[in-house]
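What follows is one structure encoded as C-alpha cells, with my remarks underneath.
The values are calculated or read from the model by the stated rules, or taken from the named source; none is laboratory data. Since we're looking at a predicted model, the values are computed, not measured. Virtual Cβ from ideal backbone geometry, glycine too; neighbours counted across all protein chains shown. To get the accessible areas, we keep the full protein, side chains included, count just its heavy atoms, and leave off ligands, DNA and RNA. Shrake-Rupley method; radii C 1.70, N 1.55, O 1.52, S 1.80 Å.
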Amino acid sequence: MTATYRYDVEVLHLLVSPAHAYFGRARDGAADVPTTDADHVELVTGKGIIGDRFFGKAAHMDAAVTLMAIEALEAIAEDLGVAPFDPLLTRRNVILRGAQLAPLVGEEFALESQGDLVRIRGGRPAHPCAWMDRMLAPGAHAAMRGRGGVRSQPLSDGVLHRGPAVLISPVPLEPSRAHVPVLLRPSRLP
C-alpha cells in the first residue's frame with residue numbers, strides 16, 4: 001500500500017465564474033463577468049466545478065480545476081513591493097493556505113473538508129498569463145512563473161468547502177515551501 005501524508009490546510013477561496021474574463025488585449029481591460037467566491041463548490045468526476053467556465057469543456061478535462069497557494073501570491077506581492085493582491089484576480093478556482101502544490105503534478109491526491117472527500121489528479125503547472133501584469137501589478141506575470149498553482153482534474157464527485165481542510169498526498173510535501181517558485185523542465189525522455 002502506498003504511504004499517505006496528511007496536511008492541515010485552509011480553503012480560503014472557491015472561485016466560480018461562468019465565463020472568461022481575461023481574453024483579447026489586456027490594455028482593453030477585462031470582461032465584466034460574474035464571479036462567485038463560494039462557500040462550497042460541487043465537483044464532478046472528469047468535468048470540473050459545476051457552474052465554472054471550464055466545466056465539461058473537452059480542451060480542459062484534465063485541467064478543469066486550478067489550485068493555488070496563497071503563500072505564493074503573498075510572496076509575489078512582497079517581491080514586487082506592492083500591497084497584497086486580491087486572490088480572486090488570479091482566476092484560480094481554489095486558493096489554499098498551507099499547501100505546497102508543485103509536487104502534486106502528476107499525482108492523485110485528495111482534499112477533505114467538512115466530512116466530504118474529493119479525489120483529484122494534479123495535471124500540469126498553472127502558468128500565468130500576461131494579464132497578471134495588468135490585473136495584479138507590473139512584473140506579476142514573471143514573478144508568478146513557477147508558483148501559479150496546479151491545473152487538476154476531479155477523480156470523484158464531491159463537495160469542497162471553504163474553511164479548514166486536510167490535504168491527503170501520496171508524496172511528502174513541505175508546506176513551508178508553498179511560496180517557492182518551481183520551474184519544471186520538460187524531459188526529452190519518453
Query raised in the report: Restricting to segment 138-157, what's the tally of residues that are on the phi > 0 side of the Ramachandran plot and surrounded by fewer than 20 Cβ atoms within 10 Å (Cβ to Cβ)?
Result: 2
Query raised in the report: Going by the structure shown, is Asp8 at pLDDT 95 or above, open to solvent by 70 Å² or more (accessible area, probe 1.4 Å) and closer than 25 Å to Met135 by Cβ?
Result: no
Requested in this report: Identify the residue in segment 140-163 that is touching an Asp or Glu at 6+ places or on another chain (Cβ under 6 Å) and assigned to a strand (DSSP E or B) and, among all such residues, is farthest from Ser113 (Cα to Cα).
Outcome: Gln153
Report summary line: Scanning segment 11-34 residue by residue, those surrounded by 15 or more Cβ atoms within 10 Å (Cβ to Cβ), β-branched (Val, Ile, Thr) and either farther than 20 Å from Asp116 by Cα or modelled with pLDDT under 95 (or both) turn out to be Val16
Query raised in the report: Given the conditions (1) farther than 29 Å from Lys57 by Cβ; (2) at pLDDT 95 or above; (3) part of a loop (DSSP other than H, G, I, E, B); (4) not charged (D, E, K, R), which single one is not true for Ala137?
Result: (2)
Report task. Within segment 113-134, track down each residue that is part of a strand (DSSP E or B) and not charged (D, E, K, R). Result -> Ser113, Leu117, Val118, Ile120, Gly122, Gly123, Pro125
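Can you tell me which residue is nearest to Val180 (Cα to Cα) among those in segment 40-78 that are charged (D, E, K, R) and either in contact with a strand residue (DSSP E or B) (Cβ under 6 Å, 6 or more places away or on another chain) or in contact (Cβ under 8 Å) with a residue 60 or more places away in the chain (or both)?
Glu71
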Query raised in the report: Restricting the search to segment 70-91, which residues are open to solvent by 70 Å² or more (accessible area, probe 1.4 Å) and among the charged types (D, E, K, R)?
Result: Glu74, Glu78, Asp79, Asp86
Query - Count - residues of segment 43-69 that are closer than 21 Å to Glu107 by Cα, at pLDDT 90 or above and either surrounded by fewer than 19 Cβ atoms within 10 Å (Cβ to Cβ) or not hydroxyl-bearing (Ser, Thr, Tyr) (or both) - result: 12
